[in-house]
Amino acid sequence: MGQSGSTAAITSRRHNSLDPVLTHRSKFKSSSSSSSAGPIFPMGVEEGDDDADGFLVVQGAARDYISDLPDECLACIFQSLSSGDRKRCSLVCRRWLRIEGQSRHRLSLNAQSDLLPLIPTLFSRFDSVTKLALKCDRRSTSIADEALVSISLRCRNLTRLKLRACKELTDAGMAEFAKNCRGLRKLSCGSCTFGAKGMNAVLDNCPNLEELSVKRLRGITDGSAAEPIGPGVAAASLKTICLKEIYNGQCFGPLLIGSKNLRTMKLFRCSGDWDKLLQVIADRVSSLVELHLERIQVSDTGLSAISNCLDLEILHLVKTPECTNFGLVSVAERCKLLRKLHIDGWKTNRIGDEGLLAVAKCCPNLQELVLIGVNPTKVSLEMLASNCPNLERLALCGSDTVGDAEISCIAAKCVALKKLCIKSCPVSDQGMEALAGGCPNLVKVKVKKCKGVTGEGADWLRASRGSLAVNLDSGDAENLDASVSDGAAQENGVEPQTLPTQMPHPLNVASSSAGRSSSIKSRLGFLSGRRIVACTLRRWSSGNSNSQG
């Protein structure tokens with residue numbers, strides 16, 4: 001319909017010998033429009049769909065260069081596209097569908113129990129997957145051992161695996177998976193119920209494992225009955241270990257001690273006294289470069305042990321109230337390569353000028369300093385600015401002692417500073433005026449919940465330094481947005497691409513999760529607004545009662 005009576009002459013290659021320039025390696029269907037000078041041809045499809053020869057040629061047609069591209073070139077193009085564009089490209093023709101599937105290395109699946117019958121079909125198309133994410137909603141029934149083993153048999157080249165809320169997996173399933181995927185390099189599991197035996201199976205069968213992240217592993221037993229984890233053959237290759245919210249996290253002690261090449265260790269909210277274990281780790285592991293300690297029981301004894309890690313460059317101390325200036329001085333005096341230091345003192349006032357002065361004297365390579373709930377004075381800030389010429393990023397949050405004089409000191413001394421964040425500090429517009437004439441390399445200033453800084457002061461700073469990005473947040477609307485910002489937080493790392501929309505419903509992870517999260521966010525935002533209204537009404541009522549009295 002809508003085509004003119006004249007059509008392009010189509011002849012079969014079986015009966016004609018044509019010029020090689022006009023002979024294409026794909027089948028064409030002729031179509032012409034009354035408004036165009038020549039025929040329009042779709043993308044090439046797979047050979048041999050209709051005719052025995054499988055090739056048709058068009059006399060006088062323009063060359064279809066895209067259909068002449070080798071599969072390898074198309075695969076490279078697909079890999080540079082976004083997830084949505086890849087989905088759309090896979091719908092163009094059968095050839096593109098096949099190449100897109102064979103060139104996809106990342107895959108994210110909704111790991112509910114009904115995924116099992118779809119596994120053969122899925123992994124016959126996506127047969128080159130090396131990075132796989134299996135995520136299940138916490139209220140749903142997840143895949144079990146049979147599904148994980150089936151996947152491992154079809155993805156023996158798997159290098160990365162992420163498991164989220166797969167509560168039906170057991171130690172036996174993890175053991176079979178580890179035997180089939182010995183090339184695994186990265187494992188991340190959260191809210192799973194397998195235990196120490198399953199984890200040991202991975203460590204014993206995956207000699208190339210480099211990164212291990214475990215969060216809320218519920219299969220680990222309590223107390224002295226807990227089976228130790230590690231070290232296994234993976235200990236020789238492990239470079240990063242992250243443990244989060246593990247009730248009996250010290251059962252990972254043999255793994256931490258035996259990982260001789262460990263460079264990054266992160267411990268978040270893991271119960272138990274870690275001082276003794278840190279002492280042994282520091283004696284056995286000399287290659288540690290990055291250390292995160294958040295809400296764990298550690299004191300100056302543990303920090304003093306950490307000072308034996310002479311190559312330490314990044315240290316995060318977050319809400320460890322038993323750590324004081326003494327421990328920080330020990331680390332600063334021996335870990336002279338320190339580049340990044342984050343301290344959340346939880347307003348205990350146990351870390352202050354004494355520890356920061358030691359950092360300023362002994363760590364000249366410091367590039368990033370974040371102080372939360374710590375009260376430095378002009379003395380320590382001036383010393384840091386003078387002795388750390390490479391200091392580029394500075395954050396001061398919840399510090400009662402950081403005022404206009406301290407900001408003026410930073411403006412005058414921190415020549416290399418590029419980014420400055422000030423939150424909940426007694427700073428006023430005078431501090432902003434000082435920044436206008438100092439810190440020549442400053443590119444971004446963020447001021448939040450500093451009541452003394454007005455919009456006029458921020459505007460004046462922007463006008464004075466046109467290239468400077470100034471972000472002022474008075475914090476008035478924070479209660480309204482708090483629930484949204486909290487709900488939007490995600491874990492670090494590269495998120496795998498999701499599958500095309502034409503696949504069955506277990507693959508549609510992103511859309512369903514996004515819908516649920518947006519609904520929850522809207523409800524929380526509504527409730528937050530109601531709380532603000534209630535507080536306002538209470539203030540009005542109290543004011544009226546006082547006036548009547």
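Which residues, taken from region 468-479, are modelled with pLDDT under 50 and either open to solvent by 80 Å² or more (accessible area, probe 1.4 Å) or among the small types (Gly, Ala, Ser) (or both)?
Once the filter is applied, which keeps residues that are modelled with pLDDT under 50 and either open to solvent by 80 Å² or more (accessible area, probe 1.4 Å) or among the small types (Gly, Ala, Ser) (or both), region 468-479 yields ALA477, ASN479.
Counting only residues that are among the hydrophobic types (A, V, I, L, M, F, W, C), farther than 19 Å from ASP127 by Cβ, modelled with pLDDT of 85 or more and open to solvent by less than 70 Å² (accessible area, probe 1.4 Å), how many does region 51-91 have?
Summing the residues that are among the hydrophobic types (A, V, I, L, M, F, W, C), farther than 19 Å from ASP127 by Cβ, modelled with pLDDT of 85 or more and open to solvent by less than 70 Å² (accessible area, probe 1.4 Å) in region 51-91 gives 3.
Among the listed residues LEU417, LEU435, LEU396, which satisfies the condition of being over 14 Å from LEU371 (Cα atoms), at pLDDT 95 or above and not β-branched (Val, Ile, Thr)?
Matching residue, one of LEU417, LEU435, LEU396: LEU417.
Looking at region 237-253 only, could you name the residues that are at pLDDT below 95, assigned to a loop (DSSP other than H, G, I, E, B) and open to solvent by 10 Å² or more (accessible area, probe 1.4 Å)?
Hits for region 237-253 are GLU245, TYR247, ASN248.
Output the strands (runs of 3 or more DSSP E) that fall wholly within region 56-160 and possess 1 or more residues being over 23 Å from the mean Cα position of the chain (by Cα) and hydrophobic (A, V, I, L, M, F, W, C), or say none.
Here the list reads 56-58.
Give just the number: which of (1) of a type outside the set (Asp, Glu); (2) surrounded by fewer than 23 Cβ atoms within 10 Å (Cβ to Cβ); (3) assigned to a helix (DSSP H, G or I); (4) within 27 Å of the chain's Cα centre (by Cα) does LEU256 not satisfy?
(2)
Pick from region 171-197 the residues that are modelled with pLDDT under 95 and of a type in the set (S, T, N, Q): which of them is most open to solvent (accessible area, probe 1.4 Å)?
Checked region 171-197; the qualifying residue most open to solvent (accessible area, probe 1.4 Å) is THR193.
Just to be sure I understand the filter: pairs with C-beta atoms under 8 Å, separated by 6 or more residues or on different chains, first member in region 244-264 and among the basic types (Lys, Arg), second member in a loop (DSSP other than H, G, I, E, B) and crowded, with 19+ Cβ neighbours inside 10 Å. Which pairs pass?
Between residues of region 244-264 that are among the basic types (Lys, Arg) and residues that are in a loop (DSSP other than H, G, I, E, B) and crowded, with 19+ Cβ neighbours inside 10 Å, the close pairs are LYS244/CYS270; LYS260/VAL285; ARG263/LEU288.
Could you look through region 332-346, keep only residues that are touching a strand residue (DSSP E or B) at 6+ places or on another chain (Cβ under 9 Å) and farther than 14 Å from LEU369 by Cβ, and pick out the one that is modelled with the highest pLDDT?
My answer is CYS335.
Anything in region 285-337 that is among the polar types (S, T, N, Q), assigned to a helix (DSSP H, G or I) and open to solvent by 40 Å² or more (accessible area, probe 1.4 Å)? List them, or say none.
Selection gives THR301 alone.
Could you give me the residue pairs with C-beta distances under 7 Å whose first residue belongs to region 423-449 and is within 15 Å of LEU391 (Cα to Cα), whose second residue is among the small types (Gly, Ala, Ser) and outside any loop (DSSP other than H, G, I, E, B) wherever it lies, and which are 6+ apart or on separate chains?
Every condition considered, the pairs that remain are GLY438/ALA411; GLY438/ALA412; CYS439/ALA411; VAL443/ALA469; LYS444/ALA469.
Testing LYS347 on (1) crowded, with 18+ Cβ neighbours inside 10 Å; (2) at positive phi, one condition comes back false. Which one is that?
Looking at each condition in turn, LYS347 falls short on (1).
Looking only at residues in region 437-453 that are open to solvent by less than 10 Å² (accessible area, probe 1.4 Å) and outside any loop (DSSP other than H, G, I, E, B), which one is nearest to ASP344 (Cα to Cα)?
VAL447
Which numbered condition trips up LEU118, out of (1) surrounded by 14 or more Cβ atoms within 10 Å (Cβ to Cβ); (2) within 24 Å of ASP171 (Cβ to Cβ)?
Status for LEU118: all satisfied but (2).
Any residue at all in region 145-155 that's buried (at least 19 other Cβ atoms within 10 Å of the Cβ), of a type in the set (A, V, I, L, M, F, W, C) and at pLDDT below 95?
yes
Quick check on my filter: what residues within region 198-226 are surrounded by fewer than 17 Cβ atoms within 10 Å (Cβ to Cβ) and modelled with pLDDT of 95 or more?
Those that are surrounded by fewer than 17 Cβ atoms within 10 Å (Cβ to Cβ) and modelled with pLDDT of 95 or more: ASP204, PRO207, ASN208.
Might you check whether a residue that is surrounded by 15 or more Cβ atoms within 10 Å (Cβ to Cβ), touching an Asp or Glu at 6+ places or on another chain (Cβ under 9 Å) and either of a type in the set (A, V, I, L, M) or free of Cβ contacts under 8 Å to residues at least 12 places away in the same chain (or both) occurs anywhere in region 458-467?
yes
If only one of ALA385, ALA411, ALA434 is outside any loop (DSSP other than H, G, I, E, B), open to solvent by less than 40 Å² (accessible area, probe 1.4 Å) and under 26 Å from LEU291 (Cα atoms), which one is it?
Every option except ALA385 fails the conditions.
Would you check which residues across region 414-431 are in a strand (DSSP E or B) and either open to solvent by 70 Å² or more (accessible area, probe 1.4 Å) or over 16 Å from ALA458 (Cα atoms) (or both) and list them?
Hit for region 414-431 is LYS419, nothing else.
The values are calculated or read from the model by the stated rules, or taken from the named source; none is laboratory data. In this text the structure is predicted, and so the values were computed from the model without any measurement. Please note: Cβ atoms are built from the backbone with ideal geometry, for glycine as well, and neighbour counts cover all protein chains shown. The accessibility values were calculated without ligands, DNA or RNA, using every heavy atom of the protein model including side chains. Shrake-Rupley method; radii C 1.70, N 1.55, O 1.52, S 1.80 Å.
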